[in-house]
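Comments concern the structure below.
The values are calculated or read from the model by the stated rules, or taken from the named source; none is laboratory data. Computed from a predicted structure; not experimentally measured. Counting neighbours? That spans all protein chains shown, and the Cβs are built from the backbone with ideal geometry, glycine included. These accessible areas exclude ligands, DNA and RNA; they are computed on the full protein's heavy atoms, side chains included. Shrake-Rupley method; radii C 1.70, N 1.55, O 1.52, S 1.80 Å.
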Amino acid sequence: MSKPNEIAVHRRWDWEYPIMARAEGIYLWDTHGRRYIDGSGGSSVVTSLGHGVREIPEAMARQAEDYSFYPAHIFTNPKLLELADLIADLAPGTLRNKCKIWMTVTGSEATDDAARLARQYWVVKGKPQKHIIISRWQAFHGDNIFAISMSGLTGRRRMFTPMFRDMPKIPSAFCYRCHFEKAYPQCDLLCARVLEDAICQAGPENVAAFIAEPVVGSALAACPAPVGYFQVIREICDKYEVLFIADEVMTALGRTGRMWGIEHWDVTPDIIAMSKSLTSGHYPVAAVVARDDLWEALHAANAHFRAGHTLNASVIGMAAAIETIRYIQKHDLVEMARTIGAYFLQRLQSLLSYDTIGDVRGKGMMVGFEFVADKKTKAPFTPEREISRLFSELTFERGLITYPCTGTVRGVAGDTILMAPPLITTKPQVDEIVDILHDSMRAFEHQILG
Ligand SMILES: Cc1ncc(COP(=O)(O)O)c(C=O)c1O
């Protein structure tokens, strides 16, 4: 076996990376012929279609036969036009066919560009003080320097804080560990109402937007906001002329059992950032979907959008995204995520029988669970024990890939596992996954509790 750590730099130094050989459906194989279930959607909630779907590479290859790259400062391409129409037709609520779409490359660029659009919109509207983007703790909006300033994921941001201007944060909408020590619904959604304080504290004249994930992914392992949360957020944003950006990088295109995560709250954001499911991992593509009139304000001022990367709206990526969306529609994968996801969540409840599992949560095919050292007090394990990583290694040994996350408690402690298998996963395959989780839990508790 080659030594993958020697020249190519991987995410960790302390892990001997197996080499992936092939993949089909929800399974992938390494070069030793070992089979794994893709339980977390690639790395984190990407591979909606599963693996080996011929239609996508075929569409990319057909496009490449015409051309693979184009001078985007002079030309457009037909695939970009078609994809924009397709997304506009699907957009949620009042955005449907009343939006424009900007294509970019990664999820971090989509959230960064969403913030840029909010900022530029207010500048052209004659409110140039509006520059603050309020976000939440225990949230992830990407890893470039501005996106990380909006992100409330302590472990990934703390070292870089001297390099950016920090953005204000409100507590997460996380009922299991409610910041206000209240219970839903008596809490009266304090976690949403506190946005009003944050806006007033910063001065509404300075606040451009609020950004949030409908279902928090890697920071809270599939934690949906409570019922009514985004309705309150919407009202507060409207009251203070603050744009609402939904970060749907993980949730867009069916993952949560609705086409868009925010549809569970029946609220329309002003701007949406999307990426992962857009090509199901076949090509780096991301998009910013925003209200028509935001773009029209820039248009009217002849203010070109101040953003962009060399590979934005790559024609090969556009071909992949069109075919991916068609595949999701043709195979009714949103409905599949809804029904199989509900079954998955129900089966996962059985994990609560273990002493070290405190919470199970999720929406559609995006589910997760949280470890606790003490179930009554919800005390987490100390971060040094790297509990979620240890558990993930146990599932890996048993042929299941899971995504370990940390930071639910003050950003530092609190171990969780995020699961997001492809949307094509069947009930028997869910059973197979849950069986491996139980087997891993038994080994885990044996190791941890003795
Ligand atoms: C909600 C959310 N926003 C943004 C990003 C950043 O996306 P990318 O890793 O493609 O830059 C992620 C990545 O996991 C995410 O989960």
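For the set LYS98, LYS79, LYS375, the ranking by accessible area, highest first and with no ligand, DNA or RNA atoms included, is LYS98, LYS375, LYS79 under a 1.4 Å probe. Placing unit charges on each Cβ (+1 for Lys and Arg, -1 for Asp and Glu) gives the chain a dipole about its Cα centre, and among VAL267, THR395, ILE133 the Cα reaching farthest toward its positive end belongs to ILE133.
Using a probe of 1.4 Å on the protein chains alone, the accessible area found for ASP89 is around 80 Å². With unit charges on the beta carbons (Lys and Arg positive, Asp and Glu negative) and the dipole taken about the Cα centre of the stretch 56-104, which residue among ALA59, MET103, PHE75 sits farthest to the positive side? Of the options given, the answer is MET103.
Carbon-plus-sulfur accessible fraction, the stretch 124-259 (probe radius 1.4 Å, protein heavy atoms only): 55%.
For the chain, excluding the exposed loop sites themselves (chymotrypsin sites (Phe, Trp or Tyr not before Pro), DSSP loop, at most 13 other Cβ atoms within 10 Å), the longest remaining stretch covers 181-450.
Computed from the Cβ-Cβ distance with R0 of 30 Å, the FRET efficiency linking ILE19 to ALA443 stands at 0.75. Considering only GLY107, GLY217, GLY228, the mean-square fluctuation computed in a Gaussian network model of the chain, springs between alpha carbons under 10 angstrom, is largest for GLY228.
Report D for the stretch 397-450 in µm² per second (integer): Stokes-Einstein, Kirkwood Rh on Cα pairs, 4 °C, 1.567 mPa s. Value of D from the Cα-based Kirkwood radius: 101 µm²/s. Among GLY152, GLY407, GLY52, the largest mean-square fluctuation in a Gaussian network model of the chain (Cα springs under 10 Å) belongs to GLY52.
For ASP66, the solvent-accessible surface with a 1.4 Å probe is about 120 Å², rounded to the nearest 10.
Just the number, please: percent antiparallel of the DSSP beta bridges in the chain, rounded to the nearest 5.
70 percent
Here the accessible area is traced with a 1.4 Å probe on the protein chains. For the stretch 330-374, carbon and sulfur cover 48 percent of it.
When the P(r) of the stretch 113-158 is calculated, the portion above 14 Å amounts to 50% of the C-alpha pairs.
GNM on the chain, C-alpha springs below 10 Å: top fluctuator among ARG291, ARG11, ARG255? Of ARG291, ARG11, ARG255, the most mobile in the Gaussian network model is ARG11.
Of the residues MET163, MET365, MET336, ranked by 1.4 Å probe accessible area with the largest first, the sequence reads MET163, MET336, MET365.
Once the Cα-Cα distance is subtracted from the 0.36 nm per residue extended length, the HIS299 to LYS182 segment shows a gain of 37.5 nm.
Taking the Cα centre of the chain as origin and assigning +1 to Lys and Arg Cβ atoms and -1 to Asp and Glu Cβ atoms, the resulting dipole is close to 560 debye.
Annotation: per residue accessible area for the chain equals 43 Å², rounded to a whole number [probe 1.4 Å, protein chains only]. Convex hull volume of the C-alpha atoms in the stretch 307-450, normalised per residue: 155 Å³.
The convex hull around the C-alpha trace of the chain, projected and averaged over every direction, spans 21.8 square nanometres.
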